[in-house]
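*Asks:* Have a look at this one.
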Protein chains: 2
Amino acid sequence: MKIYCNQRKLATSINTVFKASSNKTAMPILECILITAYGNNIILTANNLELGIESTMEADIVQEGLVALEAKLFGEIIRKMPDEELEITLLKNDTVTIASGKSKFTIVSKPGHDFPKLPSVQMQKGYTVSQPALREMINQTIFSTAQEDSRPIFMGEMFHIEQNTFNLVSVDGFRISYRQMPINNEFGEIKSVVPGKTLSEITKILSSEPQEMVTMYFDTNHVLFDLGTSKVVSRLLDGEFLSYNQMFSSDYDTQIIVDCKEFLMCIERASVISREGQKNPIKIALNTDQMVISSNTNLGTSVEELVINLHGKNLEIAFNPKYLIDVLKVIEDAEIVINFLSVMEPCIIQPKIGNAYKYLILPIRVKDKENA
Amino acid sequence: MKIYCNQRKLATSINTVFKASSNKTAMPILECILITAYGNNIILTANNLELGIESTMEADIVQEGLVALEAKLFGEIIRKMPDEELEITLLKNDTVTIASGKSKFTIVSKPGHDFPKLPSVQMQKGYTVSQPALREMINQTIFSTAQEDSRPIFMGEMFHIEQNTFNLVSVDGFRISYRQMPINNEFGEIKSVVPGKTLSEITKILSSEPQEMVTMYFDTNHVLFDLGTSKVVSRLLDGEFLSYNQMFSSDYDTQIIVDCKEFLMCIERASVISREGQKNPIKIALNTDQMVISSNTNLGTSVEELVINLHGKNLEIAFNPKYLIDVLKVIEDAEIVINFLSVMEPCIIQPKIGNAYKYLILPIRVKDKENA
């Protein structure tokens, strides 16, 4: 194998695939990036068997071939090279030289054909959305995937495509985050749970240009995100997901409209006083035209007043402030609607108009004596 | 005590003194910031008994007084407050209220008179330099203070003021960093060693405005840096410092002139290959008009060629790349002069013109067989 390519493009390509390479594993080949030189392109591939990423770039291929290079070393060398044309050559003794101008590296390689292929996913039935839209949907829901693997299925997000709606849902034991957007669906319903780790990596690759599209292909065990020059393949999670639709009741006894950013700042301040451990609830008293947010811990007390628009009954209720902060941080609307049923039942945060998002948060039960 | 003050100015002031507060100590009062309200000012003070910082700001003092508040909590509350006027009041029950608009915190306090006073330093004999100049001198030398306390004196930097020159010197077992600048000296020679931790904190406070001055006062055991609105007091280190002047020989058998940034990039690349542990030397072969930098480890080999201007003998010598990188990173000159005596003796890096800086680095002995 012998290729010439641009240093900066190669560094970008390595950066795209790098996160799918393993870090200390029983299979050292998984710590590598595979370089495949063929036609007018090189394809870089990393694959930790859960998640695989490949990235294609143009190059001048003098001799086709494939070789695997330790990802961290390969990345560091390419990043430090001058922004010029690089020559990469696989020698007969299985070493690889990387040269540019008066700099030359010689490093050991592993045989390219030892590198595990990415799982093949059928690419007939694709669902296409814009890359920044998918990124936004993931960013606005991923924070409530479960972090503990007592129920592995909840460590992922449900991709639920039905009719012409794409629903993305995550749930841990205490809250549900839901986003939806229209989608062109020619192929029927999809219900697949994609691991949170995959989604967290893919948000780093997704473009912010609205005209850049991503097509998703779902197989029995895998999903493939086709971004054009790069592809991400991930296994899916097995198990029974929550029937999330039934959880979002539209009934309420108390409904408020509140300024989202002001509400966020009040809760962030109130949570300063509860910083030791996340378990200190903040209390929210909802009255006709004001909300009083209070926090009382061994560090002191905090009281915040905020103007609201209330329909229905007054209510006193308590929440883990982190759960409210996570949601309020990702909402871009100026004002939001929050529905409450009772002190024991979850609140539901939603837009004033439309149903692009819904967030359900369970309250914390506070003993009456503590309330006094 | 009752005061009104600006939120943003108070947050800046807290930020200035914060690093001198202790983090977990046997004396909880040292985890506090002392607020002293007097006349038209409040003074914030933090003091961990090694290092003390105070910062003065204007405020509207309704009732004078002093109180100590836990630094981390006080800082977090003030940072999160809206950018408006704050009211801070010490109540009779020793709690303090911090209020702004519809936000109000009530937190516990400690008696202000329990807070240890900063050591008093005689302020007759001051040495004044511009703040960015002192910051630059510290940044260009602090990296070679010793990190281990086997010889505590070397964990600081020598402030040596003689005649009209201010010399700043740091030394660990392997290298010496030296910077000098002119200074107006009316009071005789100073030889004091200031702890590296103090210097690292003070660089964060020193202004980048050339017209802002700092005056240094040296006492037997302490130094005071007077920055105007803030003051930093630190203990000095005891012990015998190196007679650094004798170390910088002007003799050489090999002298090169080299482009500083190109040399840096070559060494950074060569050090990629020696990343496991810092102990892998890089070899430098100096020939009439070129330098060859090579590195050879179990990861592979790297060879770099660089144009130089050489006077004297050819030479092959080896260095810890980190020590060269530390120096080359802080030098702003385009070209530098490096003097060598032999493969066993230190090199000295200096400017082409003048003597604003000198850096001495010991080589690493490489066995001849390894050289082959």
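*Asks:* What Kirkwood hydrodynamic radius do you get for chain B when you take the inverse of the mean 1/r over all pairs of distinct Cα atoms, in Å? Could you put the intermediate results ahead of the total?
*Replies:* On the way: mean 1/r = 0.0428 Å⁻¹.
Across chain B, the inverse of the average 1/r is 23.4 Å.
*Asks:* Follow-up. Run through all the Cα pairs of segment B:243-372 and give the fraction in each 10 Å bin from 0, expressed as whole percent.
*Replies:* 12, 47, 34, 6, 0
*Asks:* Related question: Between A:ALA285 and B:LYS329, how high is the FRET efficiency from 1/(1 + (r/R0)^6) when r is the Cβ-Cβ distance and R₀ = 45 Å? Nearest 0.05.
*Replies:* Computed FRET efficiency for A:ALA285 and B:LYS329 comes out at 0.20.
*Asks:* Place a point 7 Å from Cα of B:ASP60 in the direction of its Cβ. Which residues in segment B:1-44 have their backbone N less than 11 Å from it?
*Replies:* B:3-6
*Asks:* Lys and Arg at +1, Asp and Glu at -1: add these up for the other residues within a Cβ distance under 14 Å of B:ALA68 and post the number.
*Replies:* Surrounding charge for B:ALA68 is -2.
*Asks:* Counting only helical runs of four or more DSSP H residues, what would the 222 nm mean residue ellipticity of chain B come to if each run contributes -39,500 (n - 2.57) and the total is spread over all its residues? The partial results should precede the final answer.
*Replies:* On the way: 7 runs with 68 residues, N = 372.
The per-residue figure over chain B is -5500 deg cm²/dmol.
*Asks:* Measuring nothing but label to label, 7 Å from Cα along Cα→Cβ, what are A:SER249's distances to the other copies in nm, shortest first?
*Replies:* Here the equivalent label points are 8.8 nm apart from this one.
*Asks:* Per residue, what volume in Å³ does the convex hull of the Cα atoms of segment A:172-227 enclose?
*Replies:* 135
*Asks:* Also, I was wondering about something else. Please state the charge dipole magnitude for segment B:39-159, taken about the Cα centre, from unit charges on C-beta atoms (+1 on K and R, -1 on D and E), reported in debye and rounded to the nearest 20.
*Replies:* Value, rounded to 20: 140 debye.
*Asks:* Report the calculated FRET efficiency for A:ASN41 and B:THR25 (r = Cβ-Cβ distance, R0 = 60 Å), to the nearest 0.05.
*Replies:* 0.50
*Asks:* When ranked by the protection proxy of mean other Cβ atoms within 10 Å per residue, highest first, what sequence do the peptides B:213-221, A:357-365 form?
*Replies:* Numbers: B:213-221: 17.7, A:357-365: 19.8.
The most tightly packed comes first, giving A:357-365, B:213-221.
*Asks:* Rounded to two decimals, what is Rg over Rh for segment A:151-292 when you use alpha-carbon atoms and the Kirkwood radius?
*Replies:* Ratio of gyration radius to Kirkwood radius for segment A:151-292: 1.04.
*Asks:* Counting only other residues whose beta carbon sits under 15 Å from that of B:ASP94, what net charge do I get with K and R as +1, D and E as -1?
*Replies:* Cβ neighbours under 15 Å give a net charge of +1.
*Asks:* Convex hull over the alpha-carbon atoms of segment A:224-302: what's its volume per residue in Å³?
*Replies:* 239
*Asks:* What ratio of Cα Rg to 2.2 N^0.38 Å holds for segment B:37-77?
*Replies:* Ratio of Cα Rg to 2.2 N^0.38 Å: 1.27.
*Asks:* OK, next. What number does the protein assembly as shown give for Rg over Rh if you use C-alpha atoms and the Kirkwood radius?
*Replies:* On the way: Rg = 32.1 Å, Rh = 31.0 Å.
When Rh is taken as the Kirkwood radius, the ratio is 1.03.
*Asks:* Moving on to the next point. Any of A:LYS329/B:LYS80; A:LYS104/B:LYS352; B:LYS125/B:LYS231; B:LYS110/B:LYS231 with alpha carbons more than 20 Å apart? Name them for me. Don't skip to the end; give the middle numbers.
*Replies:* Working: A:LYS329/B:LYS80 15 Å; A:LYS104/B:LYS352 30 Å; B:LYS125/B:LYS231 16 Å; B:LYS110/B:LYS231 23 Å.
Check vs 20 Å cut-off fails for A:LYS104/B:LYS352; B:LYS110/B:LYS231.
*Asks:* Let's see if you can work this out: charge +1 on each Lys and Arg Cβ, -1 on each Asp and Glu Cβ, no other charges. What is the dipole magnitude of chain A about its Cα centre, in debye to the nearest 20?
*Replies:* With only Lys, Arg, Asp and Glu charged at Cβ, the dipole is about 840 debye.
*Asks:* Sort shortest first the distances from A:SER120 to its counterpart in every other copy, using label points 7 Å along the Cα-to-beta-carbon line, and give them in nm.
*Replies:* Here A:SER120 shows inter-copy label distances of 8.7 nm.
*Asks:* Cross-link candidates for A:LYS204: which aspartates and glutamates have Cα within less than 16 Å, leaving aside residues fewer than 8 places away along the same chain?
*Replies:* By straight Cα distance, A:LYS204 reaches A:GLU54, A:GLU136, A:GLU212, A:ASP226.
*Asks:* Oh, and also: Counting partner chain Cβ atoms within 10 Å of every residue's Cβ in B:296-302, what's the average?
*Replies:* Mean partner shielding for this stretch: 5.
*Asks:* Rank-order A:30-42, B:84-96, A:300-312 by packing density, defined as the average count of other C-beta atoms within 10 Å over each peptide's residues, highest first.
*Replies:* Answer by packing, highest mean first, reads A:30-42, A:300-312, B:84-96.
*Asks:* Let me ask you something else. Based on alpha-carbon centroids, what's the gap between segment A:1-65 and segment B:21-50 in Å, whole number please?
*Replies:* Centre-to-centre distance over Cα atoms comes out at 55 Å.
*Asks:* When the convex hull of the Cα atoms of segment B:109-184 is projected onto a plane and the area is averaged over all directions, what value comes out in nm²?
*Replies:* Projected area, direction-averaged: 8.2 nm².
*Asks:* Which distances, in nm and shortest first, link the A:THR301 label point to the same label point in every other copy, taking 7 Å along Cα→Cβ?
*Replies:* Counterpart label points of A:THR301 in the remaining copies fall at 7.6 nm.
Every number in this text was worked out from the coordinates using simple rules, so none of it is lab data. Just so it is clear, the structure is predicted and the values come from calculations on it, not from any experiment. Ideal geometry is used to build each Cβ from the backbone, glycine not excepted, and the neighbour counts take in all protein chains shown.
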